[in-house]
1. List the residue pairs whose Cβ atoms are under 7 Å apart, where the first residue sits in the range 126-143 and is more than 16 Å from Arg50 (Cβ to Cβ), the second is of a type in the set (Phe, Trp, Tyr), and the two are 6 or more positions apart or on different chains.
2. Tell me, which residue of the range 38-60 that is surrounded by fewer than 17 Cβ atoms within 10 Å (Cβ to Cβ) and of a type in the set (D, E, K, R) is nearest to Val82 (Cα to Cα)?
3. What is the number of the single condition among (1) under 16 Å from the mean Cα position of the chain (by Cα); (2) free of Cβ contacts under 8 Å to residues at least 60 places away in the same chain; (3) at negative phi that Asp92 does not meet?
4. Please specify each residue of the range 69-128 satisfying the condition of being of a type in the set (Gly, Ala, Ser) and either part of a loop (DSSP other than H, G, I, E, B) or touching a helix residue (DSSP H, G or I) at 6+ places or on another chain (Cβ under 6 Å) (or both).
5. Since Ile85 meets every condition but one in (1) surrounded by fewer than 18 Cβ atoms within 10 Å (Cβ to Cβ); (2) at pLDDT 95 or above, which condition does it not meet?
6. Going by the conditions given, is Leu24 buried (at least 17 other Cβ atoms within 10 Å of the Cβ) and not in a helix (DSSP H, G or I)?
7. Kindly establish whether Val53 is outside any helix (DSSP H, G or I) and either at pLDDT 90 or above or hydroxyl-bearing (Ser, Thr, Tyr) (or both).
8. Which of the residues belonging to the range 104-122 are surrounded by 15 or more Cβ atoms within 10 Å (Cβ to Cβ) and within 18 Å of Asn90 (Cα to Cα)?
Amino acid sequence: MNIEQTKVIVEKFFNTGVDGNIALYEESLGLQQENLILDAQSDDPETIFRYIVEIVGLNILFYWTEDRNFYTIETERDPIEVRRIYDNPNWDGEREYMKADQDGNGPHTSSAGEVLATFDEPSDIWDRLTINGIHISDILERSVLLDLD
């Protein structure tokens with residue numbers, strides 16, 4: 001599919017210097033990155049998520065387009081924390097990516113935020129995590145993964 005034909009979700013999401021403002025497109029949403037599918041040996045979102053969180057133990061940073069917030073699942077913490085990243089109080093309203101994180105450098109997996117849920121076992125996250133009453137599977141379907149570390 002040609003990127004010019006896909007739906008723009010956020011007009012000015014990133015700023016890439018000489019390339020200017022870059023939009024967030026609908027085709028970027030979900031757990032569809034080719035490298036994740038290859039690594040998890042599946043295109044099933046639950047299998048990919050469980051591979052990332054349970055097997056590899058990566059932290060996840062994502063942006064949920066429905067509520068326009070950044071979230072992190074930090075698997076390195078004990079217990080595991082799911083946080084909504086605090087907004088940057090000095091955000092200029094331009095690039096969406098810069099609206100998150102107190103230091104104004106954009107969100108990262110260790111950014112400060114409101115703890116929404118904790119989990120003792122990574123295997124419980126897929127089964128029990130909801131945000132605003134929405135299951136993580138539906139959230140990730142309408143989110144863009146920004147970082148895995």
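The values are calculated or read from the model by the stated rules, or taken from the named source; none is laboratory data. Note that the coordinates shown come from a computational prediction; the quantities given were computed from them, not determined experimentally. So basically every Cβ, Gly included, is an ideal-geometry build from the backbone, and we count neighbours across all protein chains shown.
1. What qualifies is Arg142/Trp64; Ser143/Phe62; Ser143/Tyr63; Ser143/Trp64.
2. Here the residue is Glu54.
3. In the conditions (1) under 16 Å from the mean Cα position of the chain (by Cα); (2) free of Cβ contacts under 8 Å to residues at least 60 places away in the same chain; (3) at negative phi, Asp92 misses (1) alone.
4. Within the range 69-128, Gly93, Gly104, Gly106, Ser110, Ser111, Ala112, Ser123 qualify.
5. Every condition holds for Ile85 apart from (1).
6. yes
7. Judged against the criteria, Val53 is not a match.
8. Gly106, Pro107, His108, Ser111, Gly113
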